[in-house]
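Visitor: Following this message is one structure expressed as structure tokens.
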Amino acid sequence: MIKGIKGVKDILPEDTPRWRFIEEAARRWADRYGFVEIRIPIFEVTTLFARSIGAATDIVEKEMYTFPDRDGTSLTLRPEGTAGTVRSFIEHNRGADPVPQKYFYIGPMFRHERPQAGRLRQFHQFGVEYFGTPDPKADVDVISLLWRFLSELALPDLTLEINSLGTTADRAAYLPILISFLRSRIGEFCDNCRRRIETNPLRVLDCKVPGCRAATEDAPQLVSHLSPEAKSHFDDVLSTLAVLGIPSRLNPRLVRGLDYYCLTAFEITSSHLGAQNAVGAGGRYDGLVELLGGPPTPAVGFAAGLERIAMMLPEKSVPQSLPSVYVAAFGSEGTQAGARLLDALRQAGLSAQTDYRATTLKGHLRQADRSGSRFAVLLGDDEAKSGSAVVRNMDSKAQDTVALPDLPRYFLSLIKGF
Ligand code: ATP
Ligand code: MG
């Protein structure tokens with residue numbers, strides 16, 4: 001037997017209603033904030049990700065699915081959506097448009113990580129990217145979109161954590177201070193962090209290893225080394241969030257794993273998720289468009305993990321959609337009339353099915369029951385001849401005789417209320 005790949009999951013029919021519910025909510029909230037959908041490719045040239053995400057990040061160091069194309073070009077399955085969106089933005093010269101470009105995407109991402117609850121190798125993200133304005137209110141739009149979306153889904157115990165990563169100059173001034181602090185305690189760090197002190201020192205601050213956390217407890221904080229410009233941006237974000245009634249918590253350790261962030265960085269977590277507690281994360285990335293060869297373009301965005309949302313979504317939130325009408329047609333004239341009736345019901349906009357393996361009334365009623373249909377139409381040769389059939393309410397067992405041509409209208413008014 002050939003099995004699926006480790007960390008790559010099937011989403012089975014019993015789970016797709018939950019997924020569709022989440023995706024529909026995501027689209028609805030994106031629409032309310034004026035974000036339009038973009039569908040970017042699932043693979044790109046490797047240099048796009050290496051250059052944008054940064055060489056010394058977890059993703060580029062060890063998580064990418066990279067393979068040579070037949071001509072030798074190195075390609076990579078997208079590990080996230082921002083790089084591809086920015087590439088597309090530049091390639092199609094969208095920056096020349098006088099209106100701000102606000103995009104959202106929903107789709108699979110690929111990272112070679114150790115599979116566990118809430119961490120897969122193929123997973124799905126809903127993300128937004130807001131191009132063209134440095135205004136802190138744009139950061140708040142992006143944060144509040146994610147917050148309102150997750151709140152509407154009634155996910156438990158959401159917390160918004162926020163930090164400022166300062167400007168490039170702020171970080172350049174702060175990094176030597178941080179590095180000398182980290183070097184002074186080098187013996188206390190895990191192997192990974194010891195290496196990161198030289199390659200990506202900010203990441204040491206969000207290492208989950210208890211010893212590393214203790215060693216950085218009183219590390220100098222970036223948020224207390226902000227320039228007046230970065231400080232005023234951050235204050236504006238915080239006060240606007242307060243005006244909107246969105247509670248936030250300053251987390252000076254929040255640095256984000258990707259190189260391209262500046263100023264605002266945020267994460268929404270839930271205590272119900274265990275170790276993998278981040279539902280969504282994002283921030284400002286003002287230098288990225290230029291870094292990838294486009295015009296200087298400030299931008300801010302987030303990405304949220306749909307698997308983690310699906311795991312937490314309360315069962316009762318997902319609307320059940322049961323099949324409506326089961327057509328129990330039998331006998332030679334009955335089955336002919338049944339084929340016509342199924343077609344008429346479907347064309348009228350109703351959900352109508354049958355089971356062709358059943359050939360008797362009894363067999364049909366058993367399948368009607370199993371299918372969970374609300375109504376069954378009993379249609380044998382006699383009914384076909386007389387031109388009317390028996391409608392059975394599967395719940396109450398009440399029956400009604402209805403002329404065949406009237407059935408679509410009959411069910412529309414019963415089921416859809418018109
Ligand atoms: P983490 O710290 O959990 O590894 P990350 O910083 O790598 O997160 P991002 O790149 O910011 O994550 O991705 C945004 C969101 O996508 C995460 O908050 C999470 O919900 C989801 N996500 C990331 N990686 C995975 C994965 N391997 N499996 C499932 N969901 C994921
Ligand atoms: Mg990760």
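Visitor: Kindly list the number of the only condition in (1) closer than 23 Å to Thr46 by Cα; (2) at pLDDT 95 or above that fails for Asp259.
Guide: (2)
Visitor: Taking Val390, is it hydrophobic (A, V, I, L, M, F, W, C), within 12 Å of Ala329 (Cα to Cα), free of Cβ contacts under 8 Å to residues at least 40 places away in the same chain and in contact with a Ser or Thr (Cβ under 9 Å, 6 or more places away or on another chain)?
Guide: It is true that Val390 is hydrophobic (A, V, I, L, M, F, W, C), within 12 Å of Ala329 (Cα to Cα), free of Cβ contacts under 8 Å to residues at least 40 places away in the same chain and in contact with a Ser or Thr (Cβ under 9 Å, 6 or more places away or on another chain).
Visitor: Are any of the residues in segment 184-194 of a type in the set (Phe, Trp, Tyr), open to solvent by less than 60 Å² (accessible area, probe 1.4 Å), part of a loop (DSSP other than H, G, I, E, B) and over 19 Å from Pro298 (Cα atoms)?
Guide: Looking for residues that are of a type in the set (Phe, Trp, Tyr), open to solvent by less than 60 Å² (accessible area, probe 1.4 Å), part of a loop (DSSP other than H, G, I, E, B) and over 19 Å from Pro298 (Cα atoms), one finds at least one in segment 184-194, hence yes.
Visitor: Looking at Thr269, Thr264, Thr335, which one is of a type in the set (Ser, Thr, Tyr), without any contact (Cβ under 8 Å) to a residue 40 or more places away in the chain and either open to solvent by 20 Å² or more (accessible area, probe 1.4 Å) or within 16 Å of ligand 1 (Cβ to nearest atom) (or both)?
Guide: None of the other options fit; the residue is Thr335.
Visitor: Could you go through segment 2-24 and let me know if any residue there is acidic (Asp, Glu), away from ligand 1 (no atom under 16 Å from the Cβ), part of a helix (DSSP H, G or I) and within 19 Å of the chain's Cα centre (by Cα).
Guide: Among the residues of segment 2-24, at least one is acidic (Asp, Glu), away from ligand 1 (no atom under 16 Å from the Cβ), part of a helix (DSSP H, G or I) and within 19 Å of the chain's Cα centre (by Cα), which makes the answer yes.
Visitor: Tell me the helices (runs of 4 or more DSSP H) entirely within segment 286-380 that contain at least 1 residues that are hydroxyl-bearing (Ser, Thr, Tyr).
Guide: Result: 332-347, 361-371.
Visitor: To continue, here is another question. Please go through segment 202-224 and pick out each residue that is outside any loop (DSSP other than H, G, I, E, B) and either open to solvent by 70 Å² or more (accessible area, probe 1.4 Å) or of a type in the set (A, V, I, L, M, F, W, C) (or both).
Guide: Across segment 202-224, the qualifying residues are Leu202, Val204, Leu205, Pro210, Cys212, Arg213, Ala214, Ala215, Leu222, Val223, Ser224.
Visitor: Scan segment 32-75 for residues that are modelled with pLDDT of 95 or more and within 16 Å of ligand 2 (Cβ to nearest atom) and jot them down.
Guide: Phe49, Glu63, Met64, Tyr65
Visitor: Kindly list, by first and then second residue, each pair from a residue in segment 117-133 that is open to solvent by 40 Å² or more (accessible area, probe 1.4 Å) to a residue that is within 8 Å of ligand 1 (Cβ to nearest atom), limited to pairs with Cβ atoms under 7 Å and residues at least 6 apart or on different chains.
Guide: Listed pairs, sorted by first residue: Ala117/Gln276; Arg119/Glu113; Arg119/Gln276.
Visitor: Moving on. Which of the residues belonging to segment 97-122 are away from ligand 2 (no atom under 13 Å from the Cβ) and at pLDDT below 95?
Guide: Asp97, Pro98, Val99, Pro100, Ala117
Visitor: When you scan segment 32-50, how many residues do you find that are within 15 Å of the chain's Cα centre (by Cα) and of a type outside the set (Val, Ile, Thr)?
Guide: So the answer is 3.
Visitor: In addition: When you look at Ala265, is it within 13 Å of Glu161 (Cα to Cα) and either among the acidic types (Asp, Glu) or within 16 Å of ligand 2 (Cβ to nearest atom) (or both), yes or no?
Guide: In short, yes.
Visitor: Cβ contacts < 7 Å: first residue among the polar types (S, T, N, Q), restricted to segment 233-250; second residue part of a helix (DSSP H, G or I) and open to solvent by 70 Å² or more (accessible area, probe 1.4 Å), any location; separation 6+ or different chain. Result?
Guide: Thr240/Lys137
Visitor: Conditions first: (1) among the hydrophobic types (A, V, I, L, M, F, W, C); (2) within 25 Å of Ile11 (Cα to Cα); (3) surrounded by fewer than 17 Cβ atoms within 10 Å (Cβ to Cβ). Met311 passes all but one, so which condition is the exception?
Guide: (3)
The values are calculated or read from the model by the stated rules, or taken from the named source; none is laboratory data. Because the structure is predicted, anything quoted here is derived from the model rather than measured. Here Cβ is always computed from backbone atoms with ideal geometry, including for glycine, and neighbour counts include all displayed protein chains. The area values use the complete protein model at the heavy-atom level, side chains included, leaving out ligands, DNA and RNA. Shrake-Rupley method; radii C 1.70, N 1.55, O 1.52, S 1.80 Å.
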